[in-house]
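The values are calculated or read from the model by the stated rules, or taken from the named source; none is laboratory data. Bear in mind that the values here come from a model prediction, so they are computed numbers and not experimental data. Cβ placement follows ideal geometry from the backbone for every residue including glycine, while neighbour counts extend to all protein chains displayed.
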Amino acid sequence: MNHILTIRRFAYRNGYLLILAGWLLTFSYLFQYYWSYTSAPEQVKKTLQKAINKREKDFAKLLTDSSLLLQLKTGKADLKTVEKLVDKDYFIFVASDGADGFQTRFWNTQAILPDYSLWQRADGIWFEQLINGYYTVYKKTKKLGDGSICQVMALIPVKWNFFVTANYISNDFAYLGGIEKYYGLSDIEQTRLKVQSTDGTALFWLKELNNLPQPLNSTTIFFRLLAMLCILMFLHKLAAMVTERYSFAAGLSFLVAVILLVRISSYYFPIPFNLRQFELFNPAVYGSNKILRSLGDLLINSFLLLWVLLFIRRYGKLARKIPLRLKHNAGLVTITILLFGTTILFGSIIKSLVSDSQISFDVINIFKLTIFSFAGFFVLGSLALNYFIIADWLAGYLKHYSHRRIPIQLLAITVTGLVYLSFNINSSSVIYQLFLLGWLLLLVMLLNNRQMRLNFLSSNGKTIFWLFFFSLSLTFLLISENGKREWNDRIRTADKLSLQTDPSAESLLNIAMRNFRSEFLQREFYRFATSAENQLLKDSLISENFSGYLNVYDTEIYTFDGNEQPLFNVDSVSFNTLSTVYNLQSKRTSSAEWRYYEESYDKFYYIARKIVVDTTENRTQGYVFVISRPKRYADQKFNADIFYRSDTKVADNTLSYAFAIYKGNELISSANDYPFPIHLDNKTRSEKIERKVSKKGYTELWYTSANNLTVVIAKSQNRLLETITLFAYLFCVFLLMLAAFRMVQYFLQLGLRPADWKAHLQLTFRTQVHTTIIGISIFSFLIIGASTIFFFINRHSRINKERLSRSIAIMKAEVETALSNHAMFDDVLKLYDEVAKAELQGKINRISEIHGVDVNIYDPNGNLQISSQPYYYNKGLLSRKTDPLAYYKLSKEYLVQTIENEKVGTLSYMSIYVPVRDEDGKTYAYLNIPYFTSQNELKQEISNFLVTLINLNAFIFLIAGLIAFFVTSRITNSFAIISEKMKEIKLGKTNEAIVWHRNDEIGELVQEYNRMVKQLEESANLLARSEREGAWREMARQVAHEIKNPLTPMKLSIQYLQKAVDSNSADTKQISQNVAKTLVEQIDYLSNIASDFSSFANIGNPRMERVNLIASVRSVVELFNMQENAQVAFTTTINEAYLMADKTQLNRLFTNLIRNAIEAAGEEEAVVEVHIDLRADKAVVAVRDNGQGIPAELQQKIFYPNFTTKTSGTGLGLAMCKSIVEQIKGEIWFTTEQQKGSTFFVELPLLMSHE
C-alpha cells in the first residue's frame, strides 16, 4: 500500500514531464508529417508544385502589363523597374526581331540564357533540361501597344544540374533545399508524384530515391530533443525517488539500466531519430571503436557518463563514508592502479580526438573551425569533468589508505606509472604518458589541499580555480598535439615540393605518354567498350609505359565515349571533373602532354588527356585521361575548385609558410616573404634528413630528399597567441557547461513553479557584481566585434573597388589597342570575324596572364564575345549575357564604369565593367573583370581580426573576473566581518566592537553596529538580571513543587508510624516496613529529580568521540525489549554509520525518545518502531509510537524545559533531547496524528569514510 501511495505521489508531482514530452513528440510528428514540406512524398510534391505555380502566376500577371513589356523590349524601363525584376527568383527574358536580327532585348539574370531553339517553340508551359539544370519554361508571344510583336519567356528553375559541384555550387532543388538526396525527377518515367503547371499540363514526375530515410526538419529535431530531455529528467527524478525511498544502490542500478537500454537501442534503432543521417555521426570525421563510432557518439556517451557521475556525487555520498573492504596495502595499490588507469584512459581518448581525427582545432584561422570543432570542444570539456569527478572520488580513498600522507600517495602513483611505462617503453605515446604521470602527481597534491575541493554546481572561487586548471591543462595538450600535426603536415609539404620539382619524373612521364599514339588509340578504342577488354588494355598500357622509376607513381587510366559517358572506370570521377582539372585548374609542365594539378598543400597529381578522333567519319570517338599520383597520396580523390586561377592559387597552409628549394647548394625557387639565402654553405646529403631550426620567431624545417634537393619551410611562431585563444575557447566552454548543468539542476529542483524560480534566482551582491562586470565585457566584445566586422566588410569592398578600378584602367588601353587592330567596321556595328577573333583571343589571354585576372569582352548587345576563361560560360556556370544591372547602367545611363556584386551559387564576388570606345567615342564593346577571390581575402582578414579580438577579450575577461573577484571580496569580506560579529552577539557575554579606520559607507555601518552593540549590552545586562531573577524564581518554584510532591507522603507515613508507636499498635513492625518502603521510593524520586537537573545542566560539556550510530541505537532498543507490555522493533538499511558525539548523551537521547513512546501508549500495550535511513550524507532515525497523538495546542511547547503532559516528571526529557541533537549539529522534529500516534525524527550528520 505504501508503495502504491509513493508512486501516486511521485506521478502527481512529476507527471507533467511525461505529459510535456508527449505533447512535444506529438508536435514533432505533426511538423514532420503534416506541416513540413519534407514530411512525406505527397507533401514534397505539393510544396514543389505550389512554388512553381506561384511563379507561373506572377509571370502571367507580368504578361498582362503591355506597357511594361514595351519598355523592356525597347530598353526604356527605368532602373527601379529593372532592379525589381532582377530581384525575382525566377528568370525573365524578352526577345524580338529587329535590324540586328533576333535578339534578347531584356534579361534579369546571368545564370542562364535560353537558346534559339527554345524561342522557336510554340507558346505554352513545358518542362526542359538546359545546360545547368531543369526548368519550367513559360513562353508567350505578345502584341504590344505600338503594334510590334515580342516573345516573352520565363525560366523557372526546378533543380540545378551543374556539370561539377563545389562548396558553393550544389545540385539541389531551387525552392526546396535539402531534399536532393531523397528525390530525383524525370519527364519520362511516370510516378504517382506528378507535378503540374497552372493550366494542368504535366511538367515532370518526382522519383523517390531508395534506401534513404526521410529528412527531418529542424523544428522536428528540436521538439524531439526537448521531449527526450523531459523523459530523461523524469527518469532522473524517478531514480532519485527510488534512492530516497529504498536505497542508493537501487536508484543507481535503475538509472544505469535505463541509460544503457536507451543508449544501446539508439545504436540500432532511430531513438529519438536516425542519428547516422547527421555529419556529426560520420565515422570519417572521428571513429575509435564500436562504442565510440563517431564524434557524436563520443559526445553523447560522455554526457551520459557525466550524468551518472553527478547522480552518484549528489545521492551516493555514502560511498565516500564507507571504506572499501580492502586491507590498507591492498587498498592503496588498488586505488592507485585505478587512478592511474583512469588518467591513461581519458588521456588516450583526448589525444585520439585531437591527433587521430579530421577535426580542426586551429583557432588561429576562425573559418577553419567547423561544427565538429565546437562539438570537439564540448567533448573535451565533458571528458575533463568526468575525469575530475572520478579522480576526486578515488583521491578520497587514496587519502584514507595512505593515512593522509602525501609522500606515500605520490610514491605509489610514481611507482605505478613507471612500472606501466616500463612495459610500454617502445610505444610512440610513452612521452605523452610520462607527461600524464607528472600532471597526475600535480593534481593529487592539489586535491590534498582541502581548500581546492570543488562542488561543480556552486559559484565560488574554487570552482573558477578548477575550471582554470583544466582549461589550462587541455590548452597545453592541444597546443602540443596541434604542433605535432602541423610539423607532420610541414614534412608532407616538403616531401611534395621535393617531388614536384623533380624534372626526371616529368621527362619519364613525357616519354610514357608518347606511346599513347593517336593512331593506336583510334584503332584500339573499341576495346574500351567492353569490361574485360577495357581492363586488360588499361593494365597493359600501364605496365608497359609506367614501370621503372615511375613506380613511385600510382597511375590510372580513365576512358569516356564520345558522349562523355564513362567506360568502366575504377571510380565515379566524371568527365566534367577531369576536364575542369585539365582545362582550368592545372599548370603546364615541361611536357606538352602533361599538366600539373595541385589540389591542396599536400596533394598533387599529374594529368594528361588524349582526344580520340575517328578520322574516317570526322567525329570524336572518345577521351582518354591518364592520372599519375605519388603513391603516398594515391588514396585521394579529385575535388575541383572552379573559381581560381592556377597561376595565383596558394594552398591554405602555405599562406603561413615560406619555403625555398635548393638544388645542390643553390636556390632554385622560393615563395613568400622570408629572407632565405641564395646558396647554402653546408653540403646536401643523398638521404632524407629532417631537422628543426628556430630563428628569430620562426621555426624552419630543413628537409633533404634523395634526389639531392633541399627544401626549407619556415613558419612564424604564434604559440602565445594560439595558447591564449585556445584557452579562451576552452574556458568559455567550461563556463557554458557549468551554466547548463546549473539550469538543469534548478529545473529538477524547482520544476515549473515560477514563484520558486523567482525566489531561487535572487542574486547575491557578489554575484551581481560578477555578472555586471563580465556582462559588460561580453557586451563590449559583441558590439566591438560586430562594428569592426562591418567596418572590415566596407573597407574590403572599398579597397577592392579601388583595386579593380586601377586594374581595369590599365587594361582598358591594352584591350582597346588589341580590339582596334582586329576590328572590321560596317555601317551599324563593330563585328569580329572568326580569324580575327582567334588572334584576339590569344592577346586577351596574354593580357589576363600578365595582370593575373580574368577578362571578358561583351559586344554592345551584352553578348559575350571573348573570355580568358570561356570554360565558365561554355559549361553553364554563367550565361553568355552580361549582368543585367551592369548592362543597364552602361548602355542606358552611359556610366564610365560600374561595379556590381554578382553571384554564382552561394559564391559572391565583385565584377567591374567599363565601356570600350573608338576614336569617335562610340561604344563598341564592354570590358569586364570578375574578381572571384575577393571573398576568400575578406574571410582571411575577418579571421585574423577575430583571433585578435578573442585574445584581447579573453585577457579582458580574465582581468575583469579578477577585478570583480577582488572588489567583491573586499566588500563582502567587510560584510562578512560584520555578519560574523553579529552572529557572535550573545546576551550575557561581552560583545566586541568592530575597529574600522576608513570613513566610508561601510564605516558608517560599522559605527551603527558598534552603537547597537553598546545599547544591546546595556539592555542585555538589564534583561539578564531580570531573566536570572525570573529563572531562579521559576526554577525555585519547579524544584519546590517537585520536592513538595514526595514530602507529603513521607510526612504522612512518619505521622502514621508515630501514631502507631504511641498507641503500641500490634502491627507496628509491618507499619514500619511500609513507611520505610515509602520513604525509599520518595527518596529515589528526589534523587531522579536531582539527576535530571544535573544532566540538563551538563549537556553543554560533551565528550565527543567516534560513535557507531547503528550499534548505539540497537543497544538501547535491546534494553527496552526486556520490559513487559512493550514491543520495540528496530530496522535499518545499513550496517554501519559513524558520527562524532558524546556516547552517553547519545544513549540518553534515544532512551528518552523510546521511553516517551512507550509511555504514550498509556494502559495499552506499547508498539514502538525504530527505523534508520540515509538521506544524502545524513542519517535519519524515526521513532514511531501507537499513542493518542499530541494535541495541536501543545505542539509548540513540546521541547520547552519543564513542560510535560504527564502527571509527574520534571519536563526536561525532550528539552534534553533537543539540546543533545543540536550539540551534534543535527535536527529533531515530529509528526503526529490524533488517535494514531506520533513519530519523532532525529537527523544527524555522518562522517566521511576518510574522516
Within the bounds of segment 494-507, is there any residue that is modelled with pLDDT of 80 or more, among the hydroxyl-bearing types (Ser, Thr, Tyr) and in a helix (DSSP H, G or I)? no
So, residue 62, is that one under 25 Å from residue 199 (Cβ atoms) and either outside the structural domain of residue 146 (by TED's automatic domain parsing) or hydrophobic (A, V, I, L, M, F, W, C) (or both) or not? yes
Within segment 100-114, which residues are in contact with a helix residue (DSSP H, G or I) (Cβ under 9 Å, 6 or more places away or on another chain) and in a loop (DSSP other than H, G, I, E, B)? 102, 108, 109, 110
Residue 390 at pLDDT below 80 and out of contact with any Asp or Glu (no Cβ under 7 Å at 6 or more places or on another chain): no
Note: among 819, 831, just one is at pLDDT below 80 and more than 14 Å from residue 927 (Cα to Cα), namely 831
Selection count where residues are of a type in the set (Ser, Thr, Tyr), over 16 Å from the mean Cα position of the chain (by Cα) and modelled with pLDDT of 80 or more, scope segment 329-378: 6
In the set 123, 146, the lone residue that is surrounded by fewer than 17 Cβ atoms within 10 Å (Cβ to Cβ) and without any contact (Cβ under 8 Å) to a residue 24 or more places away in the chain is 123
Do we find a residue being modelled with pLDDT of 90 or more and surrounded by fewer than 19 Cβ atoms within 10 Å (Cβ to Cβ) anywhere in segment 176-187? no
Suppose the filter is outside any loop (DSSP other than H, G, I, E, B), assigned by TED's automatic domain parsing to the domain that holds residue 195 and buried (at least 20 other Cβ atoms within 10 Å of the Cβ); does residue 48 pass it? yes
Please pick out the residue among 108, 132 that is among the polar types (S, T, N, Q) and touching a Pro at 6+ places or on another chain (Cβ under 8 Å). 108
Of these, 344, 431, 359, which one is in contact (Cβ under 8 Å) with a residue 60 or more places away in the chain, part of a helix (DSSP H, G or I) and either surrounded by 19 or more Cβ atoms within 10 Å (Cβ to Cβ) or not small (Gly, Ala, Ser) (or both)? 344
Checked against (1) free of Cβ contacts under 8 Å to residues at least 60 places away in the same chain; (2) in contact with a strand residue (DSSP E or B) (Cβ under 8 Å, 6 or more places away or on another chain); (3) surrounded by 18 or more Cβ atoms within 10 Å (Cβ to Cβ), residue 903 satisfies every condition except (3)
Could you name every one of the strands (runs of 3 or more DSSP E) located completely within segment 1043-1161 that has at least 3 residues being of a type in the set (A, V, I, L, M, F, W, C), surrounded by 13 or more Cβ atoms within 10 Å (Cβ to Cβ) and modelled with pLDDT of 75 or more? 1126-1132, 1138-1141
Checked against (1) in a helix (DSSP H, G or I); (2) surrounded by fewer than 17 Cβ atoms within 10 Å (Cβ to Cβ); (3) free of Cβ contacts under 8 Å to residues at least 24 places away in the same chain, residue 71 satisfies every condition except (2)
So residue 263 ticks every box in (1) in contact (Cβ under 8 Å) with a residue 12 or more places away in the chain; (2) assigned to a loop (DSSP other than H, G, I, E, B); (3) not hydrophobic (A, V, I, L, M, F, W, C) but one. Which box is left unticked? (2)
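So that you can scan it fast, the table gives a plain yes or no per residue for (1) assigned by TED's automatic domain parsing to the domain that holds residue 712; (2) at pLDDT below 80; (3) in contact with a His (Cβ under 6 Å, 6 or more places away or on another chain); (4) part of a loop (DSSP other than H, G, I, E, B):
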{"position": "592", "(1), (2), (3), (4)": "no, yes, no, yes"}
{"position": "598", "(1), (2), (3), (4)": "no, yes, no, no"}
{"position": "604", "(1), (2), (3), (4)": "no, yes, no, no"}
{"position": "609", "(1), (2), (3), (4)": "no, no, no, no"}
{"position": "622", "(1), (2), (3), (4)": "no, no, no, no"}
{"position": "627", "(1), (2), (3), (4)": "no, no, no, no"}
{"position": "632", "(1), (2), (3), (4)": "no, yes, no, no"}
{"position": "637", "(1), (2), (3), (4)": "no, yes, no, yes"}
{"position": "643", "(1), (2), (3), (4)": "no, yes, no, yes"}
Answer yes if at least one residue in segment 881-895 is among the charged types (D, E, K, R), buried (at least 19 other Cβ atoms within 10 Å of the Cβ) and assigned to a strand (DSSP E or B), and no otherwise. yes
Test residue 264 against the criterion of being hydrophobic (A, V, I, L, M, F, W, C) and within 30 Å of residue 351 (Cβ to Cβ), and give yes or no. yes
Using beta carbons and a limit of 7 Å, which pairs, at least six apart or on different chains, have the first residue in segment 775-795 and modelled with pLDDT under 75 and the second one among the polar types (S, T, N, Q)? 777/953; 781/953
Scan segment 836-853 and tell me whether some residue there is of a type in the set (Gly, Ala, Ser), at pLDDT below 55 and assigned to a loop (DSSP other than H, G, I, E, B). no
